[in-house]
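Worksheet: one structure, shown below.
The values are calculated or read from the model by the stated rules, or taken from the named source; none is laboratory data. All figures in this text were calculated on a predicted structure; none of them were measured in a lab. Note: ideal-geometry Cβ built from the backbone for every residue, glycine included; neighbour counts use all protein chains shown. Heads up: the accessible areas ignore ligands, DNA and RNA and are worked out on the full protein's heavy atoms, side chains in. Shrake-Rupley method; radii C 1.70, N 1.55, O 1.52, S 1.80 Å.
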Amino acid sequence: MQILKRIFRIIELIKTMGIGFTLVKIINNIRRNFTEFYYLYVLIWFNRSILRFRILVSAILNRVKIFKPHYYLYDITNAGYAIRSIAFLEVANHEGYIVTADVADDSLSIIPVINNRFHSRTIVPLPERSAPMSVAAVNSENNHSQGLLLATFNFDESGKIRDRTDLGMFPSIEDIYSLANSGIKNYENSTYYKNILVRKGHWGFRCINVHETEDHKYIVTADRSTDIIYISEFEKINDLLSDPLIHEVDISYTEGAAEPIFCAIVPNKTALPVYCISQRYHPDLTIISRDNSGQYVISQRIDVGGLSRSSVAVGNFRNTRENDIALGIWGGDPGDLNSVTRGELAVCSTTDNRTYSSPVIHKAGIHPTDVVAGDFDGDGLDELAVLNYGSGIHYTDRIHPGNIQIFKYVGDEFIIIDQINVPHPRIGISKDIDNDGKDELIVSLFFDKCLVGIKLS
C-alpha cells in the first residue's frame, strides 16, 4: 500500500512539473554538446517513456482498486506532428479507426482501435504544402459504412508548389487505405476521392462539421482567408457523390477580417440548427442561422471578451432541453505562443427567444486551445475538457507545459472537478469506445507526436 502511494506520488510530481520539463532544463545546460536532432530525439523518447510508465501504473492502480486515481491514461500511440483534427470512423461495436490530420507532415494517420486499444498507424502521404487541417466522419453508402471528409488549408503562399485549398470525401476507410498503398499523393485526382469544394489560393478551409435531418445532409466549413462560411446541402441524405447546393455566408467586418477557425453545430429538435464560429482576430462568437426565406444569415454576434484559437464545444451541461456552447479564450495575442498567459472559458446559454446569452466567463489554464464536451463520468450530463496548450513553439521555449481541466456543473456552478497533467495538449475528441456509457478523451500532444487515451474513473 505504501509503495503504491509512493509510486503514485512520484508520478504526481512528474505530472506537476510537466513531462520532460525538468529534463529540458538539464539538457539545456549541456545542449552545446548535442546536435539539434539528438536533442529533440532524446526529449521525445523520454516523454513517451514517462507516458508509458504512467499508463502502466494507472492500469495497476485501476485494477487493484487501491488508492485509485480520479483518471488514468489507458493507451498511447505514435502520431503525426502538429495534429489539427481528429476523427473516429466507427465500424462495429464502438471499434473503428482514429484518423488524424497531421498538418506539419502533410499526411493523414490511420490508427485502428480494437478492444479499446490503439494499434500501429498507417501514414497516408498528401501533396507537399497541402496542410490537411480538418477531418470528420460522415455516414455514406446508405449508412453501411462511414467515410472521411478532408479539408486542406494550403500553406503555399507563392502557389508554385500548391495552388488550391479544397474540401472533399473518401467514401470509406478502404478508400483511404487504398490511397496509402497506391503511393499516389495527388489524392484529388484519384478514384478514391470526391471533390465537394475547391478554391484557388492558400490559407483556406479550416474546419468541417456535419449534421443530418430526415432527408438532407449538411456539411459546414470555414474559409479563413475569405471569411466565408460554406454550407453544402445534399438533398439525398446518403448520396454524397451528387453535387450539393452551396450556401455562402460572409462573416467579415467592415473594419477588418474575422478569420474563422472553428465551427460547431448546435442541434435543434424543433428547428434547423445554428452554426457557431470562433474567430482568431475578432473577439466575437458569430452565430449563423437560416431565416424564414431559407437564406443563411448572421443572426448574432456575441462579444466573448478576448481572442481565440479554440474550437467551439456544444453540450448538455445543465440538464436542460437546450445545449450550451463553450469557447476557449487564448489569453493575449493568439499569434504569441511563447508568453505564459492565463486564458478563460466563455459559456453561453440559450435564452427564451432562441438567441444566446452573454457569456459567463470562467478562469482556465495557460492558453486554452481546444474544448471538448463529453459524458466522461456516465451520469447522462456532459462535462467539458479544456485543453490548455501551455507555452512555447519549440522545446527550448517550453516555459509552461499546460494541462487539461475538466469542468462540470455542480449545482448552479461550473467548476473544475479534475486536472490532467499531460504536456502541451492540442486537439481532442470524446468517444465511448468501450461501450461502458462513459466517453473516453483522446488527445494529441503537440510536441511529442503521439495520441493519449484518457478515462475518468
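Which residues, counting only those in region 326-340, are over 15 Å from VAL304 (Cα atoms), of a type outside the set (A, V, I, L, M, F, W, C) and surrounded by fewer than 14 Cβ atoms within 10 Å (Cβ to Cβ)? Residues satisfying the conditions are GLY335, ASP336, ASN338.
Remark: TYR187 matches the filter, which requires a residue to be touching a Leu at 6+ places or on another chain (Cβ under 6 Å), open to solvent by less than 10 Å² (accessible area, probe 1.4 Å) and either farther than 23 Å from CYS276 by Cα or modelled with pLDDT under 90 (or both).
For VAL304, the stated conditions do not hold, so it cannot be described as buried (at least 17 other Cβ atoms within 10 Å of the Cβ), within 25 Å of GLY374 (Cβ to Cβ) and modelled with pLDDT under 90. Can you name the residue in region 62-94 that is at pLDDT 80 or above and not in a strand (DSSP E or B) and is also most open to solvent (accessible area, probe 1.4 Å) among such residues? Within region 62-94, the match that is most open to solvent (accessible area, probe 1.4 Å) is TYR81.
Please tell me if SER444 is small (Gly, Ala, Ser), open to solvent by less than 50 Å² (accessible area, probe 1.4 Å) and within 20 Å of THR77 (Cα to Cα). Answer is yes for this residue. Within this structure, SER339 fails the test of being part of a strand (DSSP E or B) and without any contact (Cβ under 8 Å) to a residue 60 or more places away in the chain. Screening region 416-441 for residues that are small (Gly, Ala, Ser) and within 15 Å of the chain's Cα centre (by Cα) and picking the one that is surrounded by the fewest Cβ atoms within 10 Å (Cβ to Cβ) gives SER430.
All of (1) farther than 30 Å from PRO171 by Cβ; (2) of a type in the set (S, T, N, Q); (3) touching a residue at least 24 places away in the same chain (Cβ under 8 Å) hold for THR226 with one exception: (1). Kindly indicate the residue of region 258-278 that is at pLDDT below 90 and of a type outside the set (A, V, I, L, M, F, W, C) and also surrounded by the most Cβ atoms within 10 Å (Cβ to Cβ) among those meeting that condition. Per the stated criteria, the residue is TYR275. Here GLU255, GLU248 are screened, and the one residue that is farther than 21 Å from ASP382 by Cβ, modelled with pLDDT of 95 or more and open to solvent by 50 Å² or more (accessible area, probe 1.4 Å) is GLU248. Among the residues that make up region 406-415, is at least one of them under 17 Å from the mean Cα position of the chain (by Cα), at pLDDT 90 or above and part of a loop (DSSP other than H, G, I, E, B)? No - not one qualifying residue is present in region 406-415.
A residue that is under 24 Å from the mean Cα position of the chain (by Cα), assigned to a loop (DSSP other than H, G, I, E, B) and in contact (Cβ under 8 Å) with a residue 60 or more places away in the chain occurs nowhere in region 209-223.
Each row is one residue, and each column tells you yes or no for (1) of a type in the set (Lys, Arg); (2) more than 15 Å from ILE261 (Cα to Cα); (3) free of Cβ contacts under 8 Å to residues at least 60 places away in the same chain.
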| site | (1), (2), (3) |
| --- | --- |
| ASP166 | no, yes, yes |
| PHE170 | no, yes, yes |
| ILE176 | no, yes, no |
| LYS185 | yes, yes, no |
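Scan region 153-171 and give yes if some residue there is at pLDDT below 95, farther than 18 Å from TYR218 by Cα, in a helix (DSSP H, G or I) and out of contact with any Pro (no Cβ under 8 Å at 6 or more places or on another chain), otherwise no. The answer is no, given that none of the residues of region 153-171 is at pLDDT below 95, farther than 18 Å from TYR218 by Cα, in a helix (DSSP H, G or I) and out of contact with any Pro (no Cβ under 8 Å at 6 or more places or on another chain). Would a scan of region 289-309 turn up a residue that is touching a residue at least 24 places away in the same chain (Cβ under 8 Å), within 20 Å of the chain's Cα centre (by Cα) and either assigned to a strand (DSSP E or B) or over 30 Å from PHE376 (Cα atoms) (or both)? Within region 289-309 (the criterion being touching a residue at least 24 places away in the same chain (Cβ under 8 Å), within 20 Å of the chain's Cα centre (by Cα) and either assigned to a strand (DSSP E or B) or over 30 Å from PHE376 (Cα atoms) (or both)), the answer is no, since none of the residues qualifies. Could you tell me whether region 354-370 includes any residue that is of a type in the set (Lys, Arg), open to solvent by less than 40 Å² (accessible area, probe 1.4 Å) and in contact with a Gly (Cβ under 9 Å, 6 or more places away or on another chain)? The answer is no, given that none of the residues of region 354-370 is of a type in the set (Lys, Arg), open to solvent by less than 40 Å² (accessible area, probe 1.4 Å) and in contact with a Gly (Cβ under 9 Å, 6 or more places away or on another chain). Tell me, yes or no, whether region 203-215 has at least one residue that is open to solvent by less than 20 Å² (accessible area, probe 1.4 Å) and farther than 17 Å from VAL135 by Cα. No, region 203-215 contains no residue that is open to solvent by less than 20 Å² (accessible area, probe 1.4 Å) and farther than 17 Å from VAL135 by Cα.
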